[in-house]
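Novice: Attaching a single structure in structure tokens format; questions to follow.
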Ligand code: CA
């Protein structure tokens, strides 16, 4: 009799464990599904990169676009932590092209470096990314015209007078307007916001997710 009780108890414990295991697996799978479902948003079209600076293989069908603001600390963190990985894995290997679109969320200190960056892109496109990175490196300082010119003076080849005129007289306003239209069209509310083709990744710091989406886009492009 005692043996029977012990056998039924063992069966009961095993059954309980199986049920609990099942519930746990269900919760884990459900959460994983929720995470992947909430981490991207697909639009009908990709933000246009026409007239935007491009890093990497210009002919690549995979476009990676960052909406960023030179005065935004998270954008600097993204530039310092995620972009180097992206560069190593996908940009320098020619798999994708990378673009940057200005977002003006911090008033004058966003406008001035944006005007300057657009000017450098027009006068010396090959120096754009170097200047872009230097602006982020100086983000902690007040981004005044003098400070921006000081940044430019450390890069050989940038025409200082031309740059100064461009900032003072807002000569690259039309480029800033072009960027503002994209910001409003894609309802950008925070920076950095990133797009891989027409897919927005909700967490721009989720490099694992970024890799998955790029690889998916590459596979779909080359399988067609
Ligand atoms: Ca632009």
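Novice: Is it the case that residue 188 is out of contact with any helix residue (DSSP H, G or I) (no Cβ under 6 Å at 6 or more places or on another chain), over 16 Å from residue 52 (Cα atoms) and touching a residue at least 12 places away in the same chain (Cβ under 8 Å)?
Specialist: yes
Novice: Here's a follow-up. Using the structure shown, decide if residue 168 is touching a helix residue (DSSP H, G or I) at 6+ places or on another chain (Cβ under 6 Å) and more than 26 Å from residue 95 (Cβ to Cβ).
Specialist: Here the answer is no, as residue 168 does not meet what is asked.
Yes/no per residue for (1) exposed (fewer than 15 other Cβ atoms within 10 Å of the Cβ); (2) more than 15 Å from residue 110 (Cα to Cα):
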| site | (1), (2) |
| --- | --- |
| 140 | yes, no |
| 147 | no, no |
| 153 | yes, yes |
| 158 | no, yes |
| 169 | yes, yes |
| 177 | yes, no |
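Yes or no, residue by residue, for (1) in contact with a helix residue (DSSP H, G or I) (Cβ under 9 Å, 6 or more places away or on another chain); (2) farther than 21 Å from residue 179 by Cβ; (3) modelled with pLDDT of 95 or more; (4) surrounded by fewer than 21 Cβ atoms within 10 Å (Cβ to Cβ):
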| residue | (1), (2), (3), (4) |
| --- | --- |
| 59 | no, yes, yes, yes |
| 65 | yes, no, yes, no |
| 71 | yes, no, yes, no |
| 82 | yes, no, yes, yes |
| 89 | yes, yes, yes, yes |
| 98 | yes, no, yes, no |
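Novice: Related question: Find the helices (runs of 4 or more DSSP H) located wholly in segment 155-224 whose residues include 3 or more that are modelled with pLDDT under 95 and away from the ligand (no atom under 16 Å from the Cβ), and list them.
Specialist: The qualifying helices (runs of 4 or more DSSP H) are 207-223.
Novice: While we're on this one: Search segment 47-62 for residues being assigned to a loop (DSSP other than H, G, I, E, B) and away from the ligand (no atom under 13 Å from the Cβ), and hand back the single one that is farthest from residue 130 (Cα to Cα).
Specialist: Restricting to residues being assigned to a loop (DSSP other than H, G, I, E, B) and away from the ligand (no atom under 13 Å from the Cβ), the top hit is 61.
Novice: Residues that are under 28 Å from residue 218 (Cα atoms), away from the ligand (no atom under 13 Å from the Cβ) and in contact (Cβ under 8 Å) with a residue 12 or more places away in the chain, at least 1 per element: which helices (runs of 4 or more DSSP H) completely within segment 66-145 meet that?
Specialist: 73-81, 83-86, 128-137
The values are calculated or read from the model by the stated rules, or taken from the named source; none is laboratory data. Computed from a predicted model, the values in this text were never measured in an experiment. Because the Cβ atoms are built from the backbone with ideal geometry, glycine has one as well, and the counts that use them run over all protein chains shown.
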